[in-house]
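The values are calculated or read from the model by the stated rules, or taken from the named source; none is laboratory data. Quantities reported herein were computed from a predicted structural model and do not represent experimental measurements. In this analysis, Cβ positions are derived from the backbone assuming ideal geometry, glycine residues included, and neighbour counts consider all displayed protein chains. Each accessible area value is taken on the protein alone, full model and side chains, heavy atoms only, with ligands, DNA and RNA left out. Shrake-Rupley method; radii C 1.70, N 1.55, O 1.52, S 1.80 Å.
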Amino acid sequence: MRPRTLLFALPAIAVLLAAAASGYWVWWAEELERGIAQWREQQRLHGYDVSYGGPTINGFPFAHVAQFEAPAIRLPDGLLWRGPALIARAPLWDPRTISVDFAGRHVLEHLNAGRLDTATLDSRAADGLVRLKSDGRLASADATLYGLDVVAEPLGHFASARLHLWLAPAYDEGG
């Protein structure tokens, strides 16, 4: 290849690669929004009420960052969790490994024999890592809350420098 041809080919290749990466990012952002909506609907069918503002998807060009404002989940038994803004990040090259930031105030409420039990958890920092299987189901999740301050009525108050949680669901033989 002549130097002059190479001089014109390299920028053209760079433009094509940038266009392909941009197209992939946009496509995956749409898939992400669709997957979140499907997950929310599946939870509703199982009796859960999931609400949040958003998601707002950004992070172009190297990641997908989804931000959920004022997330809340009511379980079928009536337990309600409300949390701070939740930010989930997945690198473009590994969309099934998601880091999560959810620092702030978490509130749990449950009506128990006519009495409202409440727990408030304030965390200075909170982060986690979610890993998904190729079919989109949860493979594992872990979370660590730092500088945790908990007030639970009627139990009282306690604090912890760090609390680590880990989850790996057991699926049926087919999963």
Legend entry - Heavy-atom accessible area per residue - region 1-121, 1.4 Å, Å²: 65
Inset, instruction - Scan around S140 for amide H atoms under 5 Å from its own, H built in the peptide plane at 1.01 Å from N, and keep only partners 5 or more places away or cross-chain. - result: R131
Inset, instruction - Estimate the FRET efficiency between N112 and R34 by the formula 1/(1 + (r/R0)^6), using the beta-carbon distance for r and 41 Å for R0, to the nearest 0.05. - result: 0.60
Inset, instruction - Using just the helices of the chain, give the 222 nm mean residue ellipticity in deg cm²/dmol: DSSP H runs with n ≥ 4 each add -39,500 (n - 2.57), and the total is spread over all residues, rounded to 500. - result: -9000 deg cm²/dmol
Legend entry - Contour excess over end-to-end distance, with Cα ends at H164 and L16 and 0.36 nm allotted per residue: 48.8 nm
Inset, instruction - Run the accessible area of the chain with a 1.4 Å probe and give the carbon-and-sulfur part as a rounded percent. - result: 62
Inset, instruction - Report ³J(HN,Hα) in whole Hz for each residue of region 95-105, in order, from the Karplus equation J = 6.51 cos²θ - 1.76 cosθ + 1.60 where θ = phi - 60°; Gly and Pro get x. - result: x, 9, 10, 10, 8, 10, 10, 8, 6, x, 9
Legend entry - Among (1) 18.3; (2) 16.9; (3) 19.0, the entry derived from the coordinates for Kirkwood radius over Cα pairs in Å: (3)
Inset, instruction - Given the peptides 57-64, 132-139, 12-19, arrange them by the average over their residues of other C-beta atoms within 10 Å, most packed first. - result: 57-64, 132-139, 12-19
Legend entry - Residues whose placed amide H lies under 5 Å from that of A70, excluding near-sequence neighbours: G53, A85, L86
Inset, instruction - Return the single residue from A152, A66, A88 with maximal mean-square fluctuation; model: Gaussian network over the chain, springs between Cα atoms under 10 Å. - result: A152
Inset, instruction - Quick one: which residues, 5 or more positions from A103 or on another chain, have an amide H under 5 Å from its amide H? H modelled 1.01 Å from N in the peptide plane, none for Pro or chain starts. - result: A126
Inset, instruction - Quick one: go through region 79-113 and flag any residue whose amide nitrogen is under 16 Å from the point 7 Å out along the Cα-to-Cβ line of T120. - result: 81-84, 104-110
Legend entry - Pairwise label distance in nanometres, S51 with E69, each label 7 Å out on the Cα-Cβ vector: 1.4
